[in-house]
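Asks: Provided herewith is a single structure, encoded as structure tokens, for subsequent inquiry.
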Ligand SMILES: C[S@@+](CC[C@H](N)C(=O)[O-])C[C@H]1O[C@@H](n2cnc3c(N)ncnc32)[C@H](O)[C@@H]1O
């Protein structure tokens, strides 16, 4: 079982969620916050990633109903290696709670993680972490992808990330170390 602690409940309540959103949670095992987000975004979707295989297995168990309903999915990957799958739509919002790669504890990994997150989010993208009141927003570097409109489910205009040649200005920030 994973119950939502008052701390996580406050964070989920503060996120600017809307119905239909695609949300990315980073380091979300064992899935309590992601389950609560899934309940707030209607027909939207939340992908919860975590680098821990054990954490992912726990989240699969704890959020079986949401996963079966297609409202949530989980993926084992470190945020600094995260990439959209082919044809996977970008996310509208990302958040992370108590994840060292994003809270300044590991600056080198953090720099790489921010680039990966920027490339996985749609225009107008926003990334929130804990440590504010209760959230704080992190500025993202420019994305190495361009966004083009496409039709999802036949009628819903969305954006899809496509690889383009980086501009000269982007060259340095898009280089994968
Ligand atoms: C302290 S726990 C916090 C879990 C949850 N967010 C919460 O607040 O209850 C940190 C989680 O982030 C995951 N994590 C740490 N570094 C990560 C990284 N670089 N990429 C993805 N997940 C990471 C860990 O496996 C762990 O599940």
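Asks: Residue 75 - would you say it is assigned to a helix (DSSP H, G or I), under 17 Å from the mean Cα position of the chain (by Cα) and at pLDDT 95 or above?
Replies: Working: assigned to a helix (DSSP H, G or I): no; under 17 Å from the mean Cα position of the chain (by Cα): yes; at pLDDT 95 or above: yes.
No.
Asks: Name every residue in the stretch 36-50 that is within 13 Å of the ligand (Cβ to nearest atom) and out of contact with any strand residue (DSSP E or B) (no Cβ under 7 Å at 6 or more places or on another chain), in order of residue number.
Replies: 36
Asks: Applying the selection to the stretch 46-66, what residues are surrounded by 21 or more Cβ atoms within 10 Å (Cβ to Cβ) and not in a helix (DSSP H, G or I)?
Replies: 46, 47, 48, 49, 50, 63
Asks: If you go through the stretch 14-34 one residue at a time, do you hit one that is more than 11 Å from residue 95 (Cβ to Cβ), touching a strand residue (DSSP E or B) at 6+ places or on another chain (Cβ under 6 Å), more than 9 Å from the ligand (Cβ to nearest atom) and in a helix (DSSP H, G or I)?
Replies: Within the stretch 14-34, none of the residues are more than 11 Å from residue 95 (Cβ to Cβ), touching a strand residue (DSSP E or B) at 6+ places or on another chain (Cβ under 6 Å), more than 9 Å from the ligand (Cβ to nearest atom) and in a helix (DSSP H, G or I).
Asks: Starting from residues that are within 9 Å of the ligand (Cβ to nearest atom) and in contact with a strand residue (DSSP E or B) (Cβ under 7 Å, 6 or more places away or on another chain), keep the ones in the stretch 98-116 and report whichever is farthest from residue 81 (Cα to Cα).
Replies: The qualifying residue farthest from residue 81 (Cα to Cα) is 98.
Asks: Looking at the stretch 79-92, is at least one residue touching a strand residue (DSSP E or B) at 6+ places or on another chain (Cβ under 8 Å), at pLDDT 95 or above and within 12 Å of the ligand (Cβ to nearest atom)?
Replies: yes
Asks: Regarding residue 67, is this residue within 12 Å of the ligand (Cβ to nearest atom) and in contact with a strand residue (DSSP E or B) (Cβ under 7 Å, 6 or more places away or on another chain)?
Replies: Details: within 12 Å of the ligand (Cβ to nearest atom): no; in contact with a strand residue (DSSP E or B) (Cβ under 7 Å, 6 or more places away or on another chain): yes.
So residue 67 fails the test.
Asks: Let me ask something else about it. For residue 86, which of the numbered conditions (1) in contact (Cβ under 8 Å) with a residue 12 or more places away in the chain; (2) farther than 23 Å from residue 58 by Cα; (3) part of a loop (DSSP other than H, G, I, E, B) fails to hold?
Replies: Every condition holds for residue 86 apart from (1).
Asks: I need the full set of residues from the stretch 117-145 which are in a loop (DSSP other than H, G, I, E, B) and within 13 Å of the ligand (Cβ to nearest atom), in order please.
Replies: Kept after step one, since they are in a loop (DSSP other than H, G, I, E, B), are these residues of the stretch 117-145: 131-134, 139-144.
131, 134 - these are the residues of the stretch 117-145 that are in a loop (DSSP other than H, G, I, E, B) and within 13 Å of the ligand (Cβ to nearest atom).
The values are calculated or read from the model by the stated rules, or taken from the named source; none is laboratory data. Here the structure is a predicted model, which means the values were calculated and not measured. Cβ coordinates were reconstructed from backbone atoms using ideal geometry, including for glycine residues, and neighbour counts include every protein chain displayed.
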